[in-house]
């Protein structure tokens, strides 16, 4: 398994990813070019934007990298 994932034509090391948005970006600005994309926040406040396919792939790669430790449906937070 590779430690790299591709988001928006960039190879990102998985260990740099802080979080991945669960919902697509929507700000309502007429000139926004990121609506419908998912924010992938990296360390040091950097952000890359993933399309829906890339977002799913990043989540799968992160779960595989961490040994399949995804949240179960019955966890109570």
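Only the coordinates and a few stated rules stand behind these numbers; no lab work does. Nothing here was measured: the structure is a model prediction, and the numbers come from that model. Neighbour counts run over all protein chains shown; Cβ positions are idealised from the backbone, glycine included.
Helix content alone sets the calculated 222 nm mean residue ellipticity of the chain: runs of n ≥ 4 DSSP H residues at -39500 (n - 2.57) each, divided across all residues, give -6000 deg cm²/dmol.
For the chain, the longest principal axis of the Cα atoms and the long axis of helix 52-65 meet at an angle of about 20 degrees.
Once the Cα-Cα distance is subtracted from the 0.36 nm per residue extended length, the residue 66 to residue 22 segment shows a gain of 14.0 nm. In the set [x] -0.43, -0.97; [y] -0.67, -1.01; [z] -0.60, -0.96, the label that goes with log10 I(q)/I(0) by the Debye sum over Cα atoms at q = 0.13, 0.21 Å⁻¹ computed for this structure is [x]. Note on residue 32 and residue 6: with the Förster distance fixed at 25 Å, the Cβ-Cβ geometry gives a FRET efficiency of about 0.60.
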